[in-house]
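Remarks on the structure that follows.
The values are calculated or read from the model by the stated rules, or taken from the named source; none is laboratory data. A quick note: this is a predicted structure, and the numbers were derived from the prediction, not measured. Please note: Cβ atoms are built from the backbone with ideal geometry, for glycine as well, and neighbour counts cover all protein chains shown. Side chains are part of the model used for accessible areas, which takes the heavy atoms of the whole protein and leaves out ligands, DNA and RNA. Shrake-Rupley method; radii C 1.70, N 1.55, O 1.52, S 1.80 Å.
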Amino acid sequence: MTLVELKRLFDYDKWATIRMLGAVAGLKEEQYIKDLGSSFGGIRGTLVHIYGADRLWLDRWKGQSPQALINEAEIPSFGRLRERWEGFRRELDEFLAALTDEKIQAPHAYTDTAGNPHREPLYCQMQHRVNHSTYHRGQVTTMLRQLDVKPIGTDLITYYREKGAR
């Protein structure tokens, strides 16, 4: 994977996350916090999980090894989550701007939350992070449908069509 391809993948992830948050923004509080029986309860739990994993991976890439994911109690409201995600995106953009093809190909070591050491090429970890977010955005789409709320499309091909294939 090249740096150009990786940056395009992260641009897609940003685009899809912004669209997803826009679809969730119109929910009533009771819809946002409702347990819908998904992996992380409902929409709030799933969004906090996505954000927490995004944050955890960026911290790992910056040389830290967080011991746990952020939880719902730390970000109880949608407004606060959106603010934190906006700040995170700026930090991630700075990190991406400093990458080189050599850096993404090099093995990157970190310790997971259970204390186990790992080491893979950075681009593999970064692809995983985007894939993880995509998976859980799909869960949010299903939960929006369960609430009779129209979800927004976040397919990669839709991104390419909007942005123009490069």
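Against the test of being of a type in the set (A, V, I, L, M) and open to solvent by less than 50 Å² (accessible area, probe 1.4 Å), the options Leu69, Leu81 yield a single qualifying residue, Leu81. Just one residue in the set Gly41, Gly87, Gly52, Gly45 is open to solvent by less than 30 Å² (accessible area, probe 1.4 Å), on the phi > 0 side of the Ramachandran plot, free of Cβ contacts under 8 Å to residues at least 40 places away in the same chain and not acidic (Asp, Glu); that residue is Gly41. Restricted to region 117-166, and to residues that are more than 20 Å from Leu36 (Cα to Cα) and small (Gly, Ala, Ser), which residue is nearest to the chain's Cα centre (by Cα)? Here the residue is Gly153.
Listed conditions (1) part of a helix (DSSP H, G or I); (2) of a type outside the set (Val, Ile, Thr); (3) open to solvent by less than 60 Å² (accessible area, probe 1.4 Å); (4) under 14 Å from Lys14 (Cα atoms) are all met by Gln127, apart from (3). All conditions but one from (1) in contact (Cβ under 8 Å) with a residue 12 or more places away in the chain; (2) open to solvent by 50 Å² or more (accessible area, probe 1.4 Å); (3) farther than 28 Å from Leu99 by Cβ apply to Ile33; the one that does not is (1). Against the conditions (1) surrounded by 14 or more Cβ atoms within 10 Å (Cβ to Cβ); (2) outside any helix (DSSP H, G or I); (3) of a type in the set (S, T, N, Q), Thr113 satisfies every one except (1). Mind checking whether some residue in region 63-70 is without any contact (Cβ under 8 Å) to a residue 60 or more places away in the chain, within 25 Å of Gly115 (Cα to Cα), in a helix (DSSP H, G or I) and under 17 Å from the mean Cα position of the chain (by Cα)? No, region 63-70 contains no residue that is without any contact (Cβ under 8 Å) to a residue 60 or more places away in the chain, within 25 Å of Gly115 (Cα to Cα), in a helix (DSSP H, G or I) and under 17 Å from the mean Cα position of the chain (by Cα).
Summed over region 143-166, residues that are open to solvent by 100 Å² or more (accessible area, probe 1.4 Å) and either under 20 Å from Phe40 (Cα atoms) or assigned to a loop (DSSP other than H, G, I, E, B) (or both) total 5.
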